[in-house]
1. How high is the relative contact order of the chain, given as a whole-number percent (alpha carbon pairs under 8 Å, six or more residues apart)?
2. Place the peptides 357-364, 122-129 in order of packing, highest mean first, counting for every residue the other Cβ atoms within 10 Å and averaging per peptide.
3. Order the peptides 365-378, 285-298 from the highest to the lowest mean number of other Cβ atoms within 10 Å of their residues.
4. Out of residues 5 or more away from Ser390 or on other chains, whose amide H comes under 5 Å of its own, with H placed 1.01 Å from N in the peptide plane?
5. What list of ³J(HN,Hα) couplings, whole Hz, do you get for segment 361-376 from phi and the Karplus terms 6.51, -1.76, 1.60, once you set θ to phi - 60° and write x for glycine and proline?
6. Could you tell me how far the Cα centroid of segment 21-51 sits from the Cα centroid of segment 191-246, in Å?
7. Would you give the gap between the C-alpha center of segment 346-407 and the C-alpha center of segment 264-285, rounded to a whole Å?
8. Quick one: accessible area per residue over the chain, 1.4 Å probe, rounded to a whole number of Å²?
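The values are calculated or read from the model by the stated rules, or taken from the named source; none is laboratory data. As the structure is a prediction and not an experimental result, all values here were calculated from the model. Ideal geometry is used to build each Cβ from the backbone, glycine not excepted, and the neighbour counts take in all protein chains shown. Only protein heavy atoms, including side chains, enter the accessible area calculation; ligands, DNA and RNA are left aside. Shrake-Rupley method; radii C 1.70, N 1.55, O 1.52, S 1.80 Å.
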Amino acid sequence: MSADTLFERITDYANRADPYPLYAELRENGVARQANGSYLVGSYHDIAALLHDPRISSDSSNRADTDTVPLLRRNTQLAAFIGLDDPEHDRLRRIAMRPFGPPHSPGRIDALSGEIARIAEELAAEFRDKDRIDVVDDFAYPLPVTVICRLLGVPHEDVPRIRGWTDEIIASLDLKPGKEEEAHREAGLQARQAMGMYLGDLADKRRGDPSDDMLSALVHDSGPDGRLTRSELMATATLLLIAGHETTVNLIANGALTLLRDPDACRRLRENPELMPGAVEELLRYEPPVHLLPQRTPLTDVEVSDVTVPKGAPLILVLAAGNRDPRRFDRPDRFDPARADNQHFGFGSGVHNCFGAPLARLETQLALHTLLPRLRDFRPAEDPPPYRRSPILRGPRHLRIERVPGP
């Protein structure tokens, strides 16, 4: 097939379960210009250079008028600062980071370790009396959403509303045009607005009744960058809530599936639990929760592997393709829990590197440590499992496993 159809094929749901052959094709073609005027990049070194290139913008207002622009604009602006460039991006990010972690709140994430482990054990205890489990619904989703809601100060009884809004938002990230997808995009936009208003109202209550959660900290922070406006707070809190659990749901579910498919790796990690931090890094390379960044745009003509990407053209960085580039990683299609020199793109790179990475790492390490002894008694009920529709945030929609019959 022609390289100019790669974006169409990558975003085709029929290829969601195994997009890696398409990523290999992309790497072989270098930079692939698509029929709609966008440019796909899949090699590790090209992606790394572009993620650190100040000539590459994350603001879709810098994009020329092509067929993909309305689609990408509507689907990638989950919140303000991920769709902005410096210095405004840097200002908003610094404000958001102050109550989240180092250097201003160095103990916030570490202090959650015991609570995360307790929640994981409570969820996994349900496995004991069941012969069939959905790892996503019964474990991978409730763990991180409970943690991020507690961190932000969202009441437990409102978690179902959060899931409903989040499902609509993630469904809107399908990049294929059509009437059904347009309906998803409209529903996603409405869900983002509803979630933002909810979080804004919740933050307003903290103004007169402060607590120790992050919403309260954001409302009362009077640091050197000033305070967030109400609209900035709504957008930032929405991003923290969605990104604070959705990527981790995928990472835990992808990790569980990878280990179920690889009994030797499962056994190795059970016998050597000290390998778990490195194993999570390998999962971030091997089966990352975020597969592509569709919202980059050159501010001037840029040369990428002897191809000129013109100013304003949609530039799509396929991170998951770079993660399996054989020019960067030895035997990249092999899951190796002890892989060294693992500089993956699981959390992106550059100024937009995910600042929630420490929490995601901690949650996934504790989650998989808790799951490991249980997985030996189970096998996938269907493989591949049904995947979520989004080609951006890729992971199983359900991961049903069944108990292995005894002798």
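1. Numbers: 655 pairs, mean separation 107.7, N = 407.
After rounding, I find 26 percent.
2. On the way: 357-364: 22.0, 122-129: 13.6.
Taking the mean over residues of other Cβ atoms within 10 Å, the ranking is 357-364, 122-129.
3. Details: 365-378: 19.5, 285-298: 24.2.
For the peptides 365-378, 285-298, the packing ranking is 285-298, 365-378.
4. Answer set, sorted by chain and number: none.
5. 4, 4, 4, 5, 4, 5, 5, 6, 4, 6, 6, 3, x, 7, 5, 5
6. One Cα centre to the other: 37 Å.
7. 13
8. Values: 16750 Å² over 407 residues.
Using a 1.4 Å probe on heavy atoms only, each residue of the chain averages 41 Å².
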